[in-house]
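Novice: Before I ask anything, here is the structure I am working with.
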């Protein structure tokens, strides 16, 4: 069980990250469809409207990058803490793994 926990934790982290990216992608598509309701490829307001639209997309990309970075840091700390617990108190680590695998679904 111990040898599979690290890869499972990494896979879970990647799935959570992909889920977050997919959610932002859907929000981005919804924003694009709302902006193009007048005519496809045309944004109302001229250059100011286009600049605001680009700024909103840039802000969305930056916030997604920040959230992914924070999630990766948290998952890395979680993995290191669990490895340390396995070294210091294997019984507690086993209880934690059992609880994580069976009780949190």
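Novice: Taking only segment 83-104 into account, find how many residues are closer than 22 Å to residue 20 by Cβ and surrounded by 10 or more Cβ atoms within 10 Å (Cβ to Cβ).
Specialist: Within segment 83-104, the subset closer than 22 Å to residue 20 by Cβ is 100, 104.
The next check asks that each one be surrounded by 10 or more Cβ atoms within 10 Å (Cβ to Cβ); those that pass are 100.
Qualifying residue count, segment 83-104: 1.
Novice: Can you tell me which residue among 74, 93 is at pLDDT 85 or above, part of a helix (DSSP H, G or I) and in contact with a helix residue (DSSP H, G or I) (Cβ under 6 Å, 6 or more places away or on another chain)?
Specialist: Values: 74 fails: in contact with a helix residue (DSSP H, G or I) (Cβ under 6 Å, 6 or more places away or on another chain).
93 is the lone residue from the list that is at pLDDT 85 or above, part of a helix (DSSP H, G or I) and in contact with a helix residue (DSSP H, G or I) (Cβ under 6 Å, 6 or more places away or on another chain).
The values are calculated or read from the model by the stated rules, or taken from the named source; none is laboratory data. Just so it is clear, the model here is predicted, and its values are computed rather than measured. Neighbour counts run over all protein chains shown; Cβ positions are idealised from the backbone, glycine included.
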